[in-house]
Structures are given as C-alpha cells and as structure tokens.
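Single-structure report; data block below.
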Amino acid sequence: ASESSLRVEVAATGSIGAEFERAIMADVPLLPGVVLIMALFTAAVFARRNSVQSRSLVGVAAVVSVVLSIASGFGLLFLCAVPFTSLTQLVPFVLFGVGLDDAFIIMGSYVRTDPTKDPVDRIADTVQDIGMSITLTTLTSAIAFALGCISSVPAVLWICLYALPAILFVFLYQLTFFVACIIL
C-alpha cells in the first residue's frame, strides 16, 4: 500500500513553446532588478572618497543611456510592427553588458587624461583614444546580430532584429548622452 510518485506528462505540439514562454515570462520581473543593481554597481565603481571628485551620478547616467537605447531600439521596431516575442525580452540583458562595457572604457580613458585640461579637450582626447575600439566592437556586434537576422529559426530572427538597432543606439547614446554627462 505504498504510494507511487509517478507523474504523467503529455507532450503536444505547443508544449515546448508554452513552457519556454512561461519560463521567460517568469524572468521578466528580474529586469527592474537588473537596472537597479547595475545602477548601484556603476555608481559604486565611479564613486570616490572625495565627494567633489565622485562621479556616482555619471555611473547612473551610463545605465540611463542603456535604458534609452533599449527604449529607442524597441520603439523603432514597434513602429515597424515587428513581432515582440517572449525571447526578445532577453535583449536588455545583452545590452547592459555591451553598453556598460563601453561606459567603463570611456570613463577609464577620461580619467587617464590630463586633469588640468579643459573638460571638452579631455573628452576630445578620450574619444580619440578609445573611439576606434568602441566603434569596432559595436560594428562586430551589429554584424553578428545582422547575420542572425537571416536565420530560419524564428526565435533567433526576432532576438537579432530587436538587438541590432538597440546595439547601434547604445553606441549613439554612449557617444552623445553619456559623454555629455561626463562633461557636466
């Protein structure tokens, strides 16, 4: 009279897709947490003991520039009526990695410039120093996602369609909005 722990599951055509979507939708609430954690992390990295020289708000601006690029990229594709699938919700996680990496590179180069120079000249030196590397990394990421757009797998196609313009917007916002925040 022992009770069996057998479990019966039925596999249907839509089972895998439904289960996959359920798992991804369960991760959606993580995105605000990611934004908050990354904002705190970048603020801590850019912080200094001297409150006058601290750049914590610049760290928050780096996160804001990534959020702006996500909104711009997704908004552009919403206007073009590109389907928004559950898998495209993974794109922001990739964009935070790419966008904040660029921000750390820009800020690191800026900090290494001569602090006695005018901030505008320091930014010019910074962009000259790291402009090519950030441009090439953005270009390689964009090409990778563009090549993914020719995939016959719909999930890969939709992720790449959403990631491609967002990657380009990250580059644009890093070199405009974020650099302007450094100057301020």
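The values are calculated or read from the model by the stated rules, or taken from the named source; none is laboratory data. This one's a predicted model, so the numbers in the text were calculated from it and none came from an experiment. Don't worry about glycine lacking a Cβ; one is built from the backbone with ideal geometry, like all the others, and counts go over all protein chains shown. The area values use the complete protein model at the heavy-atom level, side chains included, leaving out ligands, DNA and RNA. Shrake-Rupley method; radii C 1.70, N 1.55, O 1.52, S 1.80 Å.
Comparing Ile150, Ile106, Ile167 in a Gaussian network model of the chain where C-alpha atoms under 10 Å apart are linked, the largest mean-square fluctuation is found at Ile150. What are the equivalent ellipsoid semi-axes of region 58-106, built from the alpha-carbon gyration tensor (square roots of five times its eigenvalues), in whole angstrom, biggest first? With the √(5λ) rule applied to region 58-106, the semi-axes are 23, 11, 7 Å.
If R0 equals 22 Å, the separation of the Cβ atoms of Ser133 and Leu79 corresponds to a calculated FRET efficiency of about 0.10. What a 1.4 Å probe finds exposed on region 105-184 is 73% carbon and sulfur by accessible area, rounded to a whole percent. Given R0 = 35 Å, the distance between the Cβ atoms of Ser4 and Ala155 translates into a calculated FRET efficiency of 0.40. For the chain, the membrane-span-like helices by this rule, meaning whole DSSP H stretches whose C-alpha atoms cover at least 30 Å of axis and whose Kyte-Doolittle mean is 0.5 or above, are 56-79, 91-112, 119-148; this says nothing about an actual membrane. Rolling a 1.4 Å probe across the protein heavy atoms gives region 61-184 an accessible surface of 47 Å² per residue. The smallest convex shape that holds all Cα atoms of the chain, its convex hull, gives 161 Å³ per residue.
Spin-label model, Phe177 to Phe41: label points 7 Å out along the Cα-to-beta-carbon direction sit 1.9 nm apart.
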